[in-house]
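Just below is one structure, and these are the notes that go with it.
The values are calculated or read from the model by the stated rules, or taken from the named source; none is laboratory data. What you see is a predicted model; the values in this text were computed from it and never measured. Cβ atoms come from the backbone with ideal geometry, glycine included; neighbour counts cover every protein chain shown. With ligands, DNA and RNA removed, areas are computed over all heavy atoms of the protein, side chains included. Shrake-Rupley method; radii C 1.70, N 1.55, O 1.52, S 1.80 Å.
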Amino acid sequence: AKEAKEAKEAKEAKEAPPKRDKDKEGGKKEGKKREEPAAADKAAAEREKLLKKVIKEGGKKGVEIEGAADMGGLEFFCTTLESPDGDVGLLEASMTAMNAEPDPDAEDRKGCSGRVGKMIFSAGVQQ
């Protein structure tokens, strides 16, 4: 939902005619063109940062689920995630991180709970 909102705002900004100052007509036009790519790059960087955070949270939650399954013989587990903030695409990325095969060379374990059925909840302000 955040992506759609940002894309809509970027589209509206492109469609809106640039405001011109009588004293600085040329300067204003160039300033607008420079701001749009910077805003798009910033939004993409924020999305990438959020995706990394979601994957990290999913990987850690997967290790917790694996530990609980090993101790108590769980087959199914219900849990919540904060980082996706209700975004289904990010929730799916976190689930993929939970089910990831462990990397023997990594210093910390992530994922490993592919054999446990999961019900994952994530609620956000908008969703």
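List of remarks:
- Ligands, DNA and RNA left out, the 1.4 Å accessible surface of the stretch 71-122 is 55% carbon and sulfur atoms.
- Under 5 Å from the amide H of ALA100 lie the amide H atoms of CYS112, SER113, each residue being 5 or more positions distant or on a separate chain, with H modelled from the backbone and absent for Pro and chain starts.
- Cα-centred dipole magnitude for the stretch 56-127, charges only on beta-carbon of K, R (+1) and D, E (-1), debye, nearest 20: 180
- Residues whose placed amide H lies under 5 Å from that of LYS118, excluding near-sequence neighbours: PHE77
- For peptides 59-68, 43-52, 105-114, sequence by mean Cβ density within 10 Å, most packed first: 59-68, 105-114, 43-52
- Charge sum, other residues only, whose C-beta stays under 13 Å from SER113's C-beta, Lys/Arg counted +1 and Asp/Glu -1: +1
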